Amino acid sequence: MTGGTINLDGNSSVRRTVNLSAFINEEEIARVTNLDNLFAMNKKMFLEIGYINTTDKYLQYPII
């Protein structure tokens, strides 16, 4: 990934959207267009932003 944006809109039914930019060289184009790969153009992503929880509190949350 080379960059991206996060948009938050409390009035929209889709409250959070993310746009990511990636650099894909010629050798990787076939992998990205193969829909069976984990990272492909048709996949939805789950984005977590935070810190790895290294405390003794909130053990149910690996990212805080």
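Summary of values
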{"read-out": "Scope region 30-42; condition among the aliphatic types (A, V, I, L, M), surrounded by 12 or more Cβ atoms within 10 Å (Cβ to Cβ) and in a loop (DSSP other than H, G, I, E, B); matching residues", "value": "Ala40"}
{"read-out": "Filtered residues of region 1-29 (kept if β-branched (Val, Ile, Thr), out of contact with any Ser or Thr (no Cβ under 8 Å at 6 or more places or on another chain) and either part of a loop (DSSP other than H, G, I, E, B) or under 15 Å from Ile49 (Cβ atoms) (or both))", "value": "Thr5, Val14, Thr17, Ile24"}
{"read-out": "Every residue from region 1-29 that is out of contact with any Leu (no Cβ under 6 Å at 6 or more places or on another chain) and surrounded by 10 or more Cβ atoms within 10 Å (Cβ to Cβ)", "value": "Ile6, Asn7, Asp9, Ser12, Arg15, Thr17, Leu20, Ala22, Ile24, Glu28, Ile29"}
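Only the coordinates and a few stated rules stand behind these numbers; no lab work does. The structure presented is a predicted model; accordingly, all values stated were derived computationally and were not measured. Neighbour counts run over all protein chains shown; Cβ positions are idealised from the backbone, glycine included.
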